[in-house]
Structure formats: C-alpha cells, structure tokens
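Asks: Before I ask anything, let me first share the structure, which is written out below as structure tokens.
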Amino acid sequence: MLEDCKSAQERWGGVHRLIDRWLGERRTLLAHFDELKAACDADLDEITKPRIDAFSELLMDYISAGHFEIYPQLKAEAEAFEDGGALELADRLLERLEMSTELVLAFDEDYATPVRCQHYLTRLPAWLDRLSKGLGERFSLEDRLIARLHAAHAPEVRASSGA
C-alpha cells in the first residue's frame, strides 16, 4: 500500500512539474508576444521573418505541448481518480480550445514562407490582436482544466477537504 502511495505521489508530482514547466513556457510566449506587439507598434517595416518565426515556433510548441502532453496527463489523472465530472468538463473545454488552436495554425500558415510573410506583414498588428483575444480565452480555459482536473486531486486539497 505504501508503494502505491509513493508511485501515485511520484506520478502526480510529475504532472505538477510538467504543468509548472508548461506555465513557464506560457510566460515566455507572452513575453515574446509583448515584444513583437511593441515592435509592430514602433515600426512594422522593421519586423523580420526570423522574429516572426521565433514567436510562431514558441506558439506552436506551447499549443503542441498542451494537446500532446498536458491535456492527456490531466485526463489520465481525472480517470485515475474516477472523477467523471472532471472528465465531462475536460471534453467540453477541450472542444472550446480547438478554436484558438485553429487560429494559431492559421497564423503559422500565413507567415510560413518569406513570400507569405512579406505579403501578410501589414496584417500582423491585426493578427496579434486576434491572437491576443484567442490566447486570452485559451489560457482561461486551460487554467480551468488545471484547476478541475489536477489541483482538485492534489494531496493538500484532498487533505484539507477531509478526503
């Protein structure tokens, strides 16, 4: 029985570290977003393809980590705790996350090549405004996922609730 507790603690502690790392990536992404937005506001013609590529790569990495690492781990945790309500919520929220995923993919496609980047450069400020709204909603949904599918099962939460 102690071995089960130890492995469960290691497993969900690992999920916690994974989430912490991912949220750190979110902060890095937001810092690059702010820098790109400021550069657009200062002089759009000075924005280079490598600068857009660096931002887009961070954006795609963040989205991919969510879809292929974080969300499956959160669902597995809810399944392990037999938390049907959390799983239902996850399905609803993950469906809503698809809208911002599609937005990110469209942005990446618009700026994928030097020719496309040059062609769409004047649209970059509008794109950043759209991404700001879409990512804001995405982060809110992700925070709800983390709160319901992970934080609700954290040992200190269960202990304080008498579970």
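The values are calculated or read from the model by the stated rules, or taken from the named source; none is laboratory data. Bear in mind the structure is a predicted one, so any value in this text is a computation, not a measurement. FYI the Cβ positions are ideal-geometry reconstructions off the backbone, even for glycines, and counts take in every protein chain you see. What goes into the accessible areas is simple: the full protein's heavy atoms, side chains included, and nothing from ligands, DNA or RNA. Shrake-Rupley method; radii C 1.70, N 1.55, O 1.52, S 1.80 Å.
Asks: Within the set of pairs 6 or more residues apart or between chains, which connect a residue that is farther than 21 Å from R116 by Cβ inside the stretch 26-52 to a residue that is open to solvent by less than 90 Å² (accessible area, probe 1.4 Å) with Cβ atoms less than 6 Å apart?
Replies: Within 6 Å, the pairs are L29/L58; L29/Y62.
Asks: I would also like to ask the following. When you scan the stretch 89-111, how many residues do you find that are over 15 Å from A147 (Cβ atoms) and open to solvent by 60 Å² or more (accessible area, probe 1.4 Å)?
Replies: Number of matching residues: 8.
Asks: Something else about it: If A112 passes every condition in (1) outside any loop (DSSP other than H, G, I, E, B); (2) at pLDDT 95 or above but one, which one does it miss?
Replies: It is condition (1) that A112 fails.
Listed here are the residues, each with its yes/no results for (1) open to solvent by 50 Å² or more (accessible area, probe 1.4 Å); (2) more than 17 Å from the chain's Cα centre (by Cα).
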| residue | (1), (2) |
| --- | --- |
| L29 | no, no |
| E46 | yes, yes |
| D53 | yes, yes |
| E57 | yes, no |
| A76 | no, yes |
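Asks: May I ask you to verify whether L23 is free of Cβ contacts under 8 Å to residues at least 12 places away in the same chain, assigned to a helix (DSSP H, G or I) and open to solvent by less than 50 Å² (accessible area, probe 1.4 Å)? Please lay out each step first, then the result.
Replies: On the way: free of Cβ contacts under 8 Å to residues at least 12 places away in the same chain: yes; assigned to a helix (DSSP H, G or I): yes; open to solvent by less than 50 Å² (accessible area, probe 1.4 Å): yes.
Judged against the criteria, L23 is a match.
Asks: Next question. For D4, which of the numbered conditions (1) modelled with pLDDT of 95 or more; (2) surrounded by fewer than 14 Cβ atoms within 10 Å (Cβ to Cβ) fails to hold?
Replies: So D4 meets the others, but not (1).
Asks: State which residue is surrounded by the fewest Cβ atoms within 10 Å (Cβ to Cβ) when the search covers only the stretch 116-135 and only residues that are under 21 Å from the mean Cα position of the chain (by Cα) and among the basic types (K, R).
Replies: Of everything passing the filter in the stretch 116-135, K133 is surrounded by the fewest Cβ atoms within 10 Å (Cβ to Cβ).
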